[in-house]
Amino acid sequence: MSEVKNILLAGVGGQGILLASEVISEVMLMAGLDVKKNEIHGMSQRGGSVVSHVRYGEKVYSSIIPEGEVDILFSFELLETCRYLPLLRKDGQVVVNNWKISPPGVARGAQEYPENLVENIQQQFPSSKIVDGLNLALAAGNPKTVNTVLIGALSNILSFDRALWVTAMEKMIPQRLLDVNMKAFELGRGEA
Amino acid sequence: MKKTLLSGNEAIARGAYEAGALVACAYPGTPSTEILENIIQYEEIDSSWAPNEKVALEVGIGASFGGARVLVTMKHVGVNVAADPLFTLSYTGVNGGLVLVVADDPELHSSQNEQDSRNYAKFSKVPMFEPADSHEALEYTKLAFELSEQFDTPVFLRSTTRISHSKSVVELTERSTDIQQPKLERNPAKYVMLPGNARKLHYVVEQRTLDLEEWSCKQPFNRIEKGAGEVGVITSGVSYQYVKETLPDADVLKIGMVWPLPKQLIRDFASKYETLYVIEELDPFIEEQVRAMGIDVIGKDKLSICGELTPGRVKQQLFDQEIPTEDVSAELPQRPPSMCPGCPHRGVFYELKKAKAYVTGDIGCYTLGFMPPLSAMDTCICMGASVGMATGISKVLSAEEQRKVVGVIGDSTFLHTGVNGLMDMVYNKSTATLIILDNRITAMTGRQENPTSGYQLNKKEAPRVDMEQLCRAVGVEHVTILDPYDLAKTKEVIRTEMAREEVSVIITTRPCMLVPRDNEIPRPPLFVDNDKCTGCRACLQIGCPAITWDPKLKKSVVDKIICTGCDVCKQTCKFDAFQECGDK
């Protein structure tokens, strides 16, 4: 692999995006690649928009993905997905959780949550994977495993051994939550 | 050597450990906070939160004079607070190596200004390293300790948000054992900065800078990377990565120590190119010095002084290339941060707005009281400013308007630099009201312990500052303790104290919702009884993320997964529509 690949994670503070980007980065490191990841902590964690950049390849310089060079937009919420669609390459891919979280203006009735977001995403990027994260997480046995379901879905379109994902999760996820997360991962892999 | 992924902050903590540091001290501040949070894993290091950055640096200076290697960390604006000891420390120099980490925040991701701390290096005459990734953050931290002792000077390590919060690959080594052991050593000519001693040391400092400049020209951290030989670029820190990304064929002089600059190296490099760029974030710090050497460069005539750089912005600003940006159209509602469900600050701002208070605010989660629908903050300048500003604005207003002035500050910020303002309030007989939102944690930066929390950085128990007694001790007669979940009481207390023509302090008692140890038995979440809800939207005025307006139903809906049962919404409802889950 000579060129650098770019994954942009997007969602809302509290959805487990930072853990997901940790797992992905660990997989790349174990695969013997150079990896950089980047995100903003602090104010944005109070329920605001969150993005995390993951870049991997033989040699990575910038930890910020150059604008317009996102290969995969890996997103945990529909509105946040649409915000970052312009940063994708034309042949880029979207893996998105079919889930809506109202921003504050929508919650208090001052704005409307936009309609037809899934259609919009699929129209622009026909190879998009729409994942039913919550139902698969419930099927796994814990609604909080949505991010692991999504990692499973992502793992399916990246060419890394399944064993690397399992090892990375064993490293990052507390022992008592490992079984349910492994189940969530498998369900996500089946979905994509 | 073990390869691992570390953030810049984790790498700095590791660097201090490998360098044999014995003491680490800081006040939390984004993006620097995680350095100390990571350093507690190294039991050999005595690490602690100080109440502010000045105290943190002074603790560091003491430990250094005692002979230990010491790491002090802060965000960019923290250096403003610590500047007083810093400038004189530059004269005394150190005993054990002292490294001061300053983390800048270009783009103001979580800050009130965008100041460029490299100016402090030049101003205080303290050398400064600037790493470009986590590997360099670790290596430069170790190097900084060595340099500190070799040249008898404190040393800055400057990070930025994109260095501190990016992870990249590093290799770990063992902790150094080849360090001096602390012991008392009297040397008043070096450590007592009376004019007679300091006057002599100023000459030493100037010579030190000349020596460092000459020395740094030959060091590998200032290096030239050959490209196609046509275009030259001088750069440092994170900007280096963007240069490699966007100008892969350029010859690059990568500067690892940004002050003092390796002038001879720069002269030799610059002489080879007709087109020479200086690519740096924020101020034209390197550029101005290069221009002062009589070398013409392309820099801030093209690159913006405001905001951070990105690979795309370098292309856009230098070569007028169009770049895509995230979709900011109005159809996609913005998602700003907001106070958490159950946040004890919410009801206070709700009542301040209704009382038409003019709120001098401060730095913390409660700065979000500025956001709609609460919209109840009128000023926010710096840590502790709410108190002095309330006094100041009251001085110039009519008696009627004076009653509207309320300062609002959190516990950690009050102890940081607010308490001095309160002394002034009492001493100079201000009539303003001060509300201390005491949630017993430094919440905004990620819930760090402080002298009101009852715990130290390492979670060991500690005495707790008694806020009420502290306020009374500085002379405040009217101190009211308030449960901010009780809206009727909150309204009454705020209005009574605003009307009082003497200084008064209100202290709220509820802990941060995100600190489970301080919270009593969880309360049941609420739900909206659709038969009772009239769709009046009164409850939406508290801006709780757990309450959403359903436009089809034309009623409010509670998300019971995130509702904490604080009951503040229930108290805004005239129709008794909010019920506890489990009631029915």
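Read-outs: derived from the displayed coordinates by stated rules, not from any lab. Please read all numbers here as calculations on a predicted model, not as lab measurements. Glycine also receives a Cβ, built like all others from the backbone with ideal geometry; neighbour counts cover every protein chain displayed.
Can you list the residues, at least 5 places off or on another chain, whose amide H is less than 5 Å from the amide H of A:VAL12, using H built in the peptide plane? So A:VAL12 has HN proximity to A:VAL50.
Backbone geometry of the range B:371-376 corresponds, through the Karplus equation with coefficients 6.51, -1.76 and 1.60 at θ = phi - 60°, to 3J(HN,Hα) couplings of 6, x, x, 5, 6, 10 Hz, x marking Gly and Pro.
Each semi-axis of the equivalent ellipsoid for the range B:222-321 is √(5λ) with λ an eigenvalue of the Cα gyration tensor; in descending order they amount to 19, 15, 13 Å.
Convex hull over the Cα atoms of the range B:526-580, averaged projected area in nm²?
Values: hull surface 13.1 nm².
Quarter of the Cα hull surface area: 3.3 nm².
Taking R0 as 45 Å, what's the FRET efficiency between B:ALA189 and B:ARG291 from their Cβ-Cβ distance, rounded to 0.05? The value I calculate is 0.70. Among B:LYS570, B:LYS404, A:LYS171, the ranking by other beta carbons within 10 Å of each residue's beta carbon, starting with the fewest, stands as A:LYS171, B:LYS570, B:LYS404. Between the amide H of B:GLU107 and those of B:GLY307, B:GLU308, distances stay under 5 Å, these residues lying 5 or more places away or on another chain, with hydrogens modeled in the peptide plane. Between A:ALA163 and B:HIS202, the distance separating the two model label sites (each 7 Å from Cα on the Cα→Cβ line) works out to 6.9 nm.
So what's the back-of-envelope 222 nm ellipticity for chain B, counting only DSSP H runs of four-plus at -39500 (n - 2.57) apiece and dividing by all residues, rounded to 500? Provide the component values of the computation, followed by the final result.
Values: 20 runs with 195 residues, N = 584.
Value at 222 nm, helices only: -9500 deg cm²/dmol.
Report summary: the helix-based calculation at 222 nm, which adds -39500 (n - 2.57) for every DSSP H run with n ≥ 4 and divides by the residues of chain A, gives -12000 deg cm²/dmol. For B:LEU526, nonlocal amide neighbours, meaning residues 5 or more places apart or on other chains whose placed amide H falls under 5 Å from its own, are B:GLY565, B:CYS581. Within 9 Å, Cβ to Cβ, of B:ARG118, how many net charges do the neighbouring residues add up to if Lys/Arg are +1 and Asp/Glu are -1? With Lys, Arg at +1 and Asp, Glu at -1, the neighbours total -3.
Starting from a Cα-only point model with no solvent, please compute log10 I(q)/I(0) by Debye for the range B:142-194 at q = 0.18, 0.19, 0.31 1/Å. With one equal scatterer per Cα and no solvent, log10 I(q)/I(0) is -0.92, -0.98, -1.21. For chain A, the relative contact order is 21 percent, taking Cα pairs closer than 8 Å that sit 6 or more residues apart in sequence and dividing their mean separation by the residue count. Kindly identify the range B:400-528 as rounded, prolate or oblate by the Cα gyration tensor criterion: order the square roots of the eigenvalues as a ≥ b ≥ c, call it rounded if a/c is under 1.5, otherwise compare a/b with b/c, prolate if a/b is larger, else oblate. Oblate is the answer for the range B:400-528, as a/c is 1.5 or above yet b/c matches or exceeds a/b. With a ≥ b ≥ c the root eigenvalues of the C-alpha gyration tensor of the range B:2-216, is it rounded (a/c under 1.5), prolate (a/b larger than b/c) or oblate? Note, shape of the range B:2-216 comes out prolate.
Taking label points 7 Å from Cα along the Cα-to-Cβ direction, A:ASP34 and B:LEU108 give a separation of 3.5 nm. According to the Cα-based calculation, Rg over Rh for the range A:5-191 is 0.95, with Rh computed by the Kirkwood formula. Taking a ≥ b ≥ c as the square roots of the Cα gyration tensor eigenvalues, the range B:89-180 comes out oblate, since a/c reaches at least 1.5 and a/b does not exceed b/c.
The angle separating the long axis of helix B:8-18 from the principal Cα axis of greatest extent in chain B is about 60 degrees. The magnitude of the dipole of the range A:5-191, with charges of +1 and -1 set on the Cβ of Lys/Arg and Asp/Glu and taken from the Cα centre, is near 280 debye.
At the listed q of 0.15, 0.19 Å⁻¹, the Debye profile of the range B:369-474, built from one uniform point per Cα, gives log10 I(q)/I(0) equal to -0.67, -0.99.
Solvent-free Debye calculation, one equal scatterer per alpha-carbon of the range A:7-59: log10 I(q)/I(0) at 0.18 Å⁻¹ equals -0.55. Looking at the range B:1-89, the pairs of alpha carbons with a distance over 21 Å make up 27% of the total. Backbone geometry of the range B:259-275 corresponds, through the Karplus equation with coefficients 6.51, -1.76 and 1.60 at θ = phi - 60°, to 3J(HN,Hα) couplings of 8, x, 6, x, 5, 5, 4, 5, 4, 4, 5, 5, 5, 8, 10, 7, 10 Hz, x marking Gly and Pro. PRE reach from A:LEU19 (point 7 Å along Cα→Cβ): which of the range A:111-144 fall under 18 Å by backbone N? Of the residues in the range A:111-144, A:133-144 have backbone N under 18 Å from the label point off A:LEU19. Of all lysines in the structure, those lying under 21 Å Cα to Cα from B:LYS552, and not within fewer than 8 positions of it along the same chain, are A:LYS100, B:LYS532, B:LYS560. Here chain B is treated as a Stokes sphere of Kirkwood radius computed over C-alpha pairs; at 10 °C and 1.306 mPa s its diffusion coefficient rounds to 60 µm²/s.
Placing unit charges on the Cβ atoms of the charged side chains and taking the dipole of the protein assembly as shown about its Cα centre, the candidate lying farthest along the positive direction among B:PRO220, B:ASN197, A:ILE157 is B:ASN197.
In order along the range A:167-177, phi translates into HN-Hα couplings of 4, 4, 5, 4, 6, 9, 9, x, 3, 5, 9 Hz, rounded to whole numbers, per the Karplus curve 6.51 cos²θ - 1.76 cosθ + 1.60 with θ = phi - 60° and x for Gly and Pro. Computed over the Cα atoms of the range B:143-242, the ratio of the radius of gyration to the Kirkwood radius (Rg/Rh) comes to 1.06. Note on B:529-542: average number of Cβ atoms from other chains within 10 Å of each residue's Cβ is 1.
Electrostatic tally near B:THR30: other residues with Cβ closer than 10 Å to its Cβ, Lys and Arg +1, Asp and Glu -1, net -1. Cross-link partners for B:LYS272 among the lysines, with Cα-Cα distance under 25 Å and sequence neighbours closer than 8 places in the same chain left out: B:LYS218, B:LYS226, B:LYS244, B:LYS254, B:LYS263, B:LYS300, B:LYS302, B:LYS315. Counting only Cα atoms, the size of the protein assembly as shown along its three principal axes is 80, 69, 49 Å, in decreasing order.
Viscosity 1.306 mPa s, temperature 10 °C: give me the Stokes-Einstein translational D for the range B:172-230 in µm²/s, with Rh taken as the Kirkwood radius over C-alpha pairs. D = 98 µm²/s.
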